[in-house]
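Input: a single structure, listed below in structure tokens.
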Amino acid sequence: MARTRNADAYNDAREKLLTVGMNLIRSGSYESVGINDILREGQIPKGSFYHYFDSKEGFGLEVAKHYHAQQLEGARAILLDRDVPPLERLKAFFQTAYEDFEARQFSQGCLMCNLTTELADEEPAFQAVLQTNWHELSDVVAACIAEIDKADIGLDHLTDSEAADWLLNSWSGALTRMKATRDGTPLRLFLKSTFKERK
């Protein structure tokens, strides 16, 4: 029984550090966040970081995976819901993301976008994890697009996978612009351009 309690406490503390790291990196950058910042924000005793992670890089990689797992779970719940028409699902996926950024006052970007911009071209370990993350997310989007007449979103000249990549690339670009404008204008333009009102 003691082992179970200890394992639960360990897992809870580790999960808390990952969530703290996710929020700190998302609002700043990987480089700007120090181990002491993570411990202080997580209210974990100093010196205990290496009890949970072997290095800051190892921690950063686990944060990227943690964020992606949450993102993928949310994407699957929306995009693979067969009770909703597929075009509505696709729009809801991006609209839900918009509302999340709106709730954050458009002051933080997507963690995966931020890490990709900051680290993917310099850190091979991050590049590999982020590439996998993007690929898995694109696959879920493509599964939804497979049920759509791609002409409805102006992408009938592309394969399902290409259309999914194009949408994620465009959305990511809008997120980069959002960080500069500090408002939802770039995201709203994406939604307006992709999901045209039907007459």
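The values are calculated or read from the model by the stated rules, or taken from the named source; none is laboratory data. Because the structure is predicted, anything quoted here is derived from the model rather than measured. Neighbour counts are summed over all protein chains in view; Cβ atoms, including those assigned to glycine, are modelled from backbone coordinates with ideal geometry. Just the protein is used for accessible areas: all its heavy atoms, side chains included, with ligands, DNA and RNA removed. Shrake-Rupley method; radii C 1.70, N 1.55, O 1.52, S 1.80 Å.
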_Checking the conditions here, which among 147, 136, 102 is open to solvent by 30 Å² or more (accessible area, probe 1.4 Å) and in contact with a Pro (Cβ under 7 Å, 6 or more places away or on another chain)?_
147
*How many residues does the stretch 108-119 contain that are part of a helix (DSSP H, G or I) and buried (at least 18 other Cβ atoms within 10 Å of the Cβ)?*
7
*Do you know which of the residues in the stretch 146-199 that are closer than 19 Å to residue 88 by Cα and of a type in the set (Lys, Arg) is farthest from the chain's Cα centre (by Cα)?*
199
*Please find, within the stretch 172-186, the residue that is modelled with the lowest pLDDT out of those that are of a type in the set (Gly, Ala, Ser) and part of a helix (DSSP H, G or I).*
180
*When you look at residue 164, is it hydrophobic (A, V, I, L, M, F, W, C), touching a residue at least 24 places away in the same chain (Cβ under 8 Å) and under 28 Å from residue 102 (Cβ atoms), yes or no?*
yes
*Scan the stretch 174-199 and report the pairs whose first residue is on the phi < 0 side of the Ramachandran plot and whose second residue is of a type in the set (Gly, Ala, Ser) and open to solvent by 20 Å² or more (accessible area, probe 1.4 Å), with Cβ atoms within less than 7 Å and a gap of 6+ or a chain change.*
190/170
*Working carefully through the options 33, 20, 63, find the one that is farther than 30 Å from residue 141 by Cα and free of Cβ contacts under 8 Å to residues at least 60 places away in the same chain.*
33
*asked:* If I filter the stretch 39-58 down to residues being under 18 Å from residue 9 (Cα atoms) and open to solvent by less than 50 Å² (accessible area, probe 1.4 Å), which single residue comes out as farthest from the chain's Cα centre (by Cα)?
replied: 48
*Inside the stretch 123-155, can you point out the residues that are in contact with a helix residue (DSSP H, G or I) (Cβ under 7 Å, 6 or more places away or on another chain) and not in a helix (DSSP H, G or I)?*
146, 147, 148, 155
*Which residues, taken from the stretch 157-183, are open to solvent by less than 80 Å² (accessible area, probe 1.4 Å) and among the charged types (D, E, K, R)?*
160, 165, 183
